[in-house]
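Have a look at the structure below before the remarks.
The values are calculated or read from the model by the stated rules, or taken from the named source; none is laboratory data. Keep in mind that this is a model prediction, so the values were computed, not measured. Backbone-built Cβ (ideal geometry, glycine too); neighbour counts: all protein chains shown.
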Number of protein chains: 2
Amino acid sequence: MKNGYIGVDIGGMSVKAGIVTIDGKIIKKDRVPTDTSNGSEPFLASMKTLIVGLIKEANKLGYEIKGIGFGAPGVVNSEEGTIDYATNLKLYHVKVREYLKDLNIPIYISNDANVAALAEQRFGAAKGYHDAVMITLGTGVGSGIVINNKLFEGNLGKGAELGHMVIVVDGEECNCGRRGCFERYASTSALIRETQEVMQQNKESIMWNYCGYDINRVDGTTSFECAKAGDKAANQVIDTYIKYLGEGLLNVCNIFRPQAIILGGGVSAQKDYLKNKVQKYLEDHYYGYHETPRSEVVIAALTNDAGIIGAAILGFPEK
Amino acid sequence: MKNGYIGVDIGGMSVKAGIVTIDGKIIKKDRVPTDTSNGSEPFLASMKTLIVGLIKEANKLGYEIKGIGFGAPGVVNSEEGTIDYATNLKLYHVKVREYLKDLNIPIYISNDANVAALAEQRFGAAKGYHDAVMITLGTGVGSGIVINNKLFEGNLGKGAELGHMVIVVDGEECNCGRRGCFERYASTSALIRETQEVMQQNKESIMWNYCGYDINRVDGTTSFECAKAGDKAANQVIDTYIKYLGEGLLNVCNIFRPQAIILGGGVSAQKDYLKNKVQKYLEDHYYGYHETPRSEVVIAALTNDAGIIGAAILGFPEK
């Protein structure tokens, strides 16, 4: 029997799981709907059924499952193997490892942004780099940090929240209770807010036409697409966005000096256009000290499968 | 023969070195003046003489030296064992490990703030904690990060520069070339600047009396001592200082979730008065997420010997 690993990606709509080889290939996938409406017990039960099915499948295919990893949204406790606080899924203090202990397979758990970073560093956009930081530019700003080929999650797996690093003291209010978090300037929501503000001041901008003259239809692509078409107001939005994103990433450079910065999430659909602007900002404003290593900006490559692959990697033997 | 380690603390005035036991005790110390006026070669030679003397001394005392560690100001390359850029000492690309290779003892090198953190975490104020971050509040803001009992220095030993994390985009100009760095708000120089500004607006403040009505004699103690005496303007200075210091430290919490935050440098002479205010700020403004572990604020304890002990720890066998 060859060694196989199961990665479980707990999402808002469905729990996706897959059998993953040590080379990061998914050889079988399955999923169940995410239903936590009756509490955590039936949710855990449906997840267990999904996993047991995949273990049998793996055995048939000649693989013995050596580890099961979970990527969960919200706050986990990696030492205890629990999901402590995932407010969107209404999961609190869910003992995942405990529930699955009769499988007699080691169980690992981490945050979803962390496992995505691990997948991209090991098998995706940052393959070949041992130090990489992934920043997910979505509704919020998620982050995952890989140091020396290993995930760094902070004490008890509760750190690495780069989205909640304040970059503007007394700045925009954040859901977390602080003001001026990186997330308030680099998320899609921040980009939309800034787009709408600039549109109000620039009635001639083609962004109005782009969103059908309905400012509520502005999304994360509005300013990018209109900037590419040469609209001055749209370019102003993008310059502001890149500046704040760049300042946050320069902080990341000064703290971690990653060999690669992986950009993921909705905004990363802008691919090279985004990447080139961000890379230029970093080079133009690089930390004043000499002799600091360069950080390469890359765009996430594994998108849909990153969660499953990254969760499975949690169970891989140490390099 | 018992195992011993040599720690070398390269300072602006002198190079201090000591024989350190595995329990963090210094059993013999020596020093030479820091003289780099004739270039790096004579500087390296005098450091070698110092070290060779201590090795002989160690042997007489029944210790075999198993490792030699250096704490150097500025930018080092821990992999290559070089001091790349220490502008105050005018040292550039100095190959320390190469120069000492005929001693046949493993040579380690790190930044001075990093080794101080290691010493405090292993044998000082943060003893018993496996994750700790040290922030040195001096002319600038230095930092050292210990994760899982090991120093985290960033790629090639060039990261962990928390003093150059921007907390106010477009804020105060920093020597590093950016604006709004943590250092510009939490260093002694920042405290003095703020004290002077508030004094100009408050001619009745007892801070004027405290500094002999000469604003150029304001130092890092002026506002603290007058605040303790109940001066309103001085308390305003301290509140502002604690706020910015606290915001930077909350960022550190969200990224690293250290079990302990060690405050060192000149401002830390305020001991419990500082510690209590900082701890309160963290508790009052803690990250919105639930279930995050507490970070204990502590004041550096080893002061003068931290450099020697921390440098020696670099040579200790892995735990």
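The condition of being buried (at least 16 other Cβ atoms within 10 Å of the Cβ) and closer than 30 Å to B:M1 by Cα holds for only one of B:G53, B:G74, B:G62, B:G81, that being B:G81. Do we find that B:S295 is at the interface with chain A (Cβ under 9 Å from one of its Cβ atoms) and of a type in the set (G, A, S) in this structure? So B:S295 passes the test. Here the condition is being surrounded by 15 or more Cβ atoms within 10 Å (Cβ to Cβ), within 30 Å of B:A126 (Cα to Cα), within 21 Å of the chain's Cα centre (by Cα) and not hydrophobic (A, V, I, L, M, F, W, C); of B:G24, B:G67, it holds for B:G24 alone.
Based on what the data block shows, is B:N38 out of contact with any Ser or Thr (no Cβ under 6 Å at 6 or more places or on another chain), closer than 25 Å to B:T136 by Cβ and not assigned by TED's automatic domain parsing to the domain that holds B:E161? The answer is no for B:N38.
Quick check, is A:K271 assigned to a helix (DSSP H, G or I) and within 20 Å of A:K127 (Cβ to Cβ)?
yes
Residue count for the stretch B:109-124 under the criterion of being out of contact with any strand residue (DSSP E or B) (no Cβ under 8 Å at 6 or more places or on another chain) and either among the aliphatic types (A, V, I, L, M) or without any contact (Cβ under 8 Å) to a residue 12 or more places away in the chain (or both): the result is 1. Return yes when A:C174 is within 14 Å of chain B (Cβ to nearest Cβ) and touching a Cys at 6+ places or on another chain (Cβ under 7 Å) and no when it is not. Yes, satisfied. All told, B:R179 falls short of being surrounded by 20 or more Cβ atoms within 10 Å (Cβ to Cβ), basic (K, R), within 14 Å of another protein chain (Cβ to nearest Cβ) and closer than 21 Å to B:V166 by Cβ.
Here's the yes/no breakdown for (1) surrounded by fewer than 20 Cβ atoms within 10 Å (Cβ to Cβ); (2) touching a residue at least 40 places away in the same chain (Cβ under 8 Å):
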{"position": "B:G220", "(1), (2)": "no, yes"}
{"position": "B:L249", "(1), (2)": "no, yes"}
{"position": "B:Y273", "(1), (2)": "yes, yes"}
{"position": "B:D284", "(1), (2)": "yes, no"}
{"position": "B:I308", "(1), (2)": "no, yes"}
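Screening B:L91, B:L54 for residues that are in contact with a strand residue (DSSP E or B) (Cβ under 8 Å, 6 or more places away or on another chain) and modelled with pLDDT of 95 or more leaves exactly one candidate, B:L54. Exactly one residue out of A:G144, A:G140, A:G163, A:G154 is without any contact (Cβ under 8 Å) to a residue 12 or more places away in the chain and not hydroxyl-bearing (S, T, Y): that is A:G154. B:A126 passes every criterion in (1) among the hydrophobic types (A, V, I, L, M, F, W, C); (2) farther than 22 Å from B:K158 by Cα; (3) away from chain A (no Cβ under 14 Å) apart from (3). Taking the conditions (1) surrounded by fewer than 23 Cβ atoms within 10 Å (Cβ to Cβ); (2) away from chain A (no Cβ under 11 Å); (3) under 17 Å from B:I145 (Cα atoms) in turn, B:Q259 satisfies each one other than (2).
Taken over the stretch A:149-171, the criterion of being more than 9 Å from chain B (Cβ to nearest Cβ) and assigned to a loop (DSSP other than H, G, I, E, B) is satisfied by A:N149 alone. Can you pull out every residue in the stretch B:83-96 that is touching an Asp or Glu at 6+ places or on another chain (Cβ under 8 Å) and farther than 13 Å from B:E41 by Cα? If the condition is that a residue be touching an Asp or Glu at 6+ places or on another chain (Cβ under 8 Å) and farther than 13 Å from B:E41 by Cα, then B:D84, B:Y85 are the ones that fit.
For the stretch A:277-287, check the following and say yes or no: at least one residue is of a type in the set (F, W, Y), farther than 16 Å from B:E161 by Cα and assigned to a helix (DSSP H, G or I).
Looking for residues that are of a type in the set (F, W, Y), farther than 16 Å from B:E161 by Cα and assigned to a helix (DSSP H, G or I), one finds at least one in the stretch A:277-287, hence yes.
Of everything listed in (1) crowded, with 19+ Cβ neighbours inside 10 Å; (2) touching a Leu at 6+ places or on another chain (Cβ under 9 Å); (3) under 21 Å from A:I10 (Cβ atoms), the single unmet condition for A:K95 is (1). Evaluating B:T139 against the criteria (1) within 8 Å of another protein chain (Cβ to nearest Cβ); (2) of a type in the set (S, T, N, Q); (3) within 17 Å of the chain's Cα centre (by Cα) leaves one unmet condition, (1).
Here is a yes/no grid of residues against (1) modelled with pLDDT of 95 or more; (2) in the same structural domain as B:G163 (by TED's automatic domain parsing); (3) part of a helix (DSSP H, G or I):
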position	(1), (2), (3)
B:E80	no, no, no
B:D84	no, no, no
B:D102	yes, no, yes
B:A113	no, no, yes
B:L118	yes, no, yes
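With respect to the conditions (1) touching a residue at least 24 places away in the same chain (Cβ under 8 Å); (2) surrounded by fewer than 21 Cβ atoms within 10 Å (Cβ to Cβ), B:I10 falls short on a single one, namely (2). Checked across the stretch A:264-271, the condition of being surrounded by fewer than 24 Cβ atoms within 10 Å (Cβ to Cβ), over 17 Å from A:T139 (Cβ atoms), assigned by TED's automatic domain parsing to the domain that holds A:L151 and not charged (D, E, K, R) holds for no residue. Taken over the stretch B:191-220, the criterion of being charged (D, E, K, R) and either in contact with a helix residue (DSSP H, G or I) (Cβ under 8 Å, 6 or more places away or on another chain) or farther than 18 Å from B:T240 by Cβ (or both) is satisfied by B:E194, B:K203, B:E204, B:D214, B:R217, B:D219. Before we move on, is A:A301 more than 9 Å from chain B (Cβ to nearest Cβ) and touching a strand residue (DSSP E or B) at 6+ places or on another chain (Cβ under 9 Å)? Spelling it out, A:A301 is indeed more than 9 Å from chain B (Cβ to nearest Cβ) and touching a strand residue (DSSP E or B) at 6+ places or on another chain (Cβ under 9 Å).
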